[in-house]
1. Do the alpha carbons of any pairs in B:Lys32/B:Lys89; B:Lys31/B:Lys96; A:Lys46/B:Lys89; B:Lys96/B:Lys148; A:Lys46/B:Lys182; B:Lys148/B:Lys202 sit beyond 26 Å of each other, and which pairs?
2. Helices from chain B with mean Kyte-Doolittle at least -1.0 and a Cα length along the axis of 18 Å or more, per DSSP H: which?
3. Pick out which of B:Leu173, B:Leu88, B:Leu55 has the largest mean-square fluctuation in a Gaussian network model of chain B, springs linking Cα atoms closer than 10 Å.
4. Averaged over peptide B:187-193, how many Cβ atoms belonging to another chain are found within 10 Å of each residue's Cβ?
5. Quick one, can you get me the convex hull of the C-alpha atoms of the protein assembly as shown expressed as volume per residue in Å³?
6. Report, in deg cm²/dmol and to the nearest 500, the calculated mean residue ellipticity at 222 nm for the protein assembly as shown, where each DSSP H run with n ≥ 4 adds -39500 (n - 2.57) and the sum is divided by the residue count.
7. Using 0.36 nm per residue, how much length does the chain from B:Leu6 to B:Lys31 gain when fully extended, once their Cα-Cα distance is taken away?
8. For A:His42, B:His205, A:His17, which order do you get if you count the other beta carbons within 10 Å of each Cβ and list the fewest first?
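Where a number appears in this text, it was derived from the coordinates with a stated rule and is not lab data. Because the structure is a prediction, the values reported are computed rather than measured. No Cβ is skipped: glycine too gets one built from the backbone with ideal geometry, and neighbour counts run over all protein chains shown.
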Amino acid sequence: MPAGVGIINHYDLLRQHGFTLVAIIFVTTFVLLTLTGLAYQHLVRKEQPPESATNRQIS
Amino acid sequence: MTELSLSDIAASLVMVLFTLIIYQAFAWLQKKFNQAWLNPMLLAIAVIIPLMLYLEISFEHYYSATLPLSQLLEPAVVALGFPLYQHLKTIRQQAKFIIPILALGTMIVILLSFAMTVFLIAIPEIAVSLSLKSVTTPIGIALTEQLKGDTSITAFAIILAGLFGGLLGPSWLHFIGVDSPKAQSLAIGAASHALGTASVSKISHQHAAYSSLALILSAVLTAILSPSLIIMLTNFLTNI
């Protein structure tokens with residue numbers, strides 16, 4: 001927490017680049033969410049196809 | 001001389017106690033109302049900053065007075081070993097999926113955050129800080145110090161990443177078709193560390209387990225991969 005209070009020394013930086021800073025954090029956080037979520041779901045489905053999909057293949 | 005150091009110790013004690021009380025009060029509020037946005041760290045910082053400005057205490061004074069609190073971050077890193085041990089069975093079973101995904105995701109986002117910050121803000125220390133924002137606070141701060149980033153920007157970015165993923169992550173993942181609870185919690189743990197984990201843990205035990213698994217593994221992977229990656233990026237920049 002003390003480290004977080006240090007933002008006080010960055011008033012100028014935040015005034016100048018605050019929006020860009022928050023936008024970068026926002027975008028990259030959603031990129032990571034999307035990559036991890038899609039990749040894991042895709043790999044797990046490929047490895048163990050859900051019941052319904054296997055049944056369909058047999059019939 | 002003795003009088004001066006005595007008053008220093010007293011001031012230090014007051015600031016440490018005050019910081020702890022404010023944090024605990026907000027932590028209690030969050031527990032009571034169960035809302036992710038009532039983040040105790042963010043709210044406590046929002047109370048302390050105006051107070052310091054009003055009392056004309058400089059950040060350097062506050063930081064050195066509360067140094068014992070900052071030093072507690074180191075044992076907090078070691079404490080992460082315990083949940084890692086708890087999840088050992090799941091990790092062994094799923095390592096071939098989870099570790100490559102998290103390693104790749106972590107590296108891509110470090111590169112992306114660094115590149116975006118360099119192009120848009122053009123301050124290397126800030127680029128280092130934003131690259132390390134997806135991990136839990138103790139690891140993020142420790143790595144920032146090591147890689148010459150700015151620890152207060154890292155702390156700020158870590159809270160925001162946690163809030164974005166914790167509050168909006170579940171609906172965003174649904175929206176893009178990631179419906180499996182394991183995939184959702186893994187993604188939120190990787191992008192939004194302890195804050196995201198806390199907010200999905202309310203859904204089920206499985207959510208809690210996968211999210212904290214992702215939080216720990218991404219922290220370890222970031223600690224291993226980020227130093228060489230960021231040093232490489234910084235060298236690349238200085239050579240242009």
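1. B:Lys32/B:Lys89; B:Lys31/B:Lys96; B:Lys96/B:Lys148; B:Lys148/B:Lys202
2. B:2-33, B:40-55, B:88-120, B:151-175, B:205-239
3. Among B:Leu173, B:Leu88, B:Leu55, the largest GNM mean-square fluctuation belongs to B:Leu55.
4. Counting other chains' Cβ atoms within 10 Å and averaging over B:187-193 gives 5.
5. Residue-normalised Cα hull volume stands at 154 Å³.
6. Per the formula, -28500 deg cm²/dmol.
7. 5.3 nm is the gain from fully extending B:Leu6 to B:Lys31.
8. Starting with the residue having the fewest Cβ neighbours, the order is B:His205, A:His42, A:His17.
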